[in-house]
Amino acid sequence: MSKGKIIAIVGGPRSGKSFLVGLLAKHYEGVAILEGEERDFPERIREDIQKNIRPLERIAWFRNKLVKEFFRAIELKQQGKIVVIDNFWISYQLYIDALAKDFEGEVINDIAFIDRKTLEWPDLTVLLTLSEDGIRDFVKLGGREFDNNENFIKNQALPIHKLHNDFFTKEDIQEKVIVVQRDNLDFYNEGDFKNLIQKIDDRI
């Protein structure tokens, strides 16, 4: 792979994105940019997620975070580095219809429209997709207190996984996306990891 690339790992909550970002960054001797864990989010945002409240501020906070991280990724790419990023700026937009309604939805959709017109895409996106059973298993393994409950699974994790699958499997962006069914894969397994690396290397 030539130097200067951005690879984004996307998917619903607790799909193993951060884990894979770390492995790929190490493999390519690149830079990992992670979404962060529970301790990295402000207490108010953790409360928003746990109670499913204040959707506009939650979406706006993650939007600002993702856009700033993507600008950093672009700078590193321009320095000739391979950057593997946990989600990217489009990711917050997939939450809008699920979380923000009425006037709040209109406000954040206006921001999303501007971002789509002005921001570039990663060189390649890897979508991690899971079955419902897989989502439940990965949420339990994740260990984050604020999103490890049945209410979160039903009202946020399952809908958001579906939104990711519906968006990133659209025909018009297939050339930019590798879809990985995650349930039965173990990236610690040399064969599973090599298969993914081969798919990535074939595309960029």
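Can you work out which of the residues in segment 101-141 that are of a type in the set (Asp, Glu) and more than 30 Å from Gln181 (Cβ to Cβ) is surrounded by the fewest Cβ atoms within 10 Å (Cβ to Cβ)?
So, considering only residues that are of a type in the set (Asp, Glu) and more than 30 Å from Gln181 (Cβ to Cβ), the one surrounded by the fewest Cβ atoms within 10 Å (Cβ to Cβ) is Asp102.
For segment 170-204, which positions are touching an Asp or Glu at 6+ places or on another chain (Cβ under 7 Å) and not in a helix (DSSP H, G or I)?
Leu185, Asp186, Ile204
Tell me which residues, restricted to segment 150-175, are surrounded by 15 or more Cβ atoms within 10 Å (Cβ to Cβ) and within 15 Å of the chain's Cα centre (by Cα).
Gln156, Ala157, Leu158, Pro159, Ile160, His161, Lys162, Leu163, His164, Asn165, Phe167, Phe168
Could you pull out the residue among Gln93, Gln79 that is surrounded by fewer than 22 Cβ atoms within 10 Å (Cβ to Cβ), more than 24 Å from Phe187 (Cα to Cα) and in contact (Cβ under 8 Å) with a residue 40 or more places away in the chain?
Answer to the selection: Gln79.
Residue-by-condition table, conditions (1) under 24 Å from Glu120 (Cβ atoms); (2) of a type in the set (D, E, K, R):
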residue: Ala8; (1), (2): yes, no
residue: Gly12; (1), (2): yes, no
residue: Asp40; (1), (2): no, yes
residue: Ile45; (1), (2): no, no
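Looking at Arg72, Arg46, which is the one that is at negative phi and at pLDDT below 95?
Just a single option satisfies the conditions, and that option is Arg46.
So which of Gly16, Gly4 ends up being in contact with a Leu (Cβ under 8 Å, 6 or more places away or on another chain), more than 30 Å from Asp102 (Cα to Cα), of a type outside the set (S, T, N, Q) and in contact (Cβ under 8 Å) with a residue 40 or more places away in the chain?
Unique residue meeting the criteria: Gly16.
How many residues are farther than 20 Å from Lys17 by Cβ and at pLDDT 95 or above if we restrict to segment 75-108?
4
The values are calculated or read from the model by the stated rules, or taken from the named source; none is laboratory data. These numbers come from a predicted model, not from an experiment. Here the Cβ is made from the backbone with ideal geometry for all residues, glycine too, and neighbour counts use every protein chain on show.
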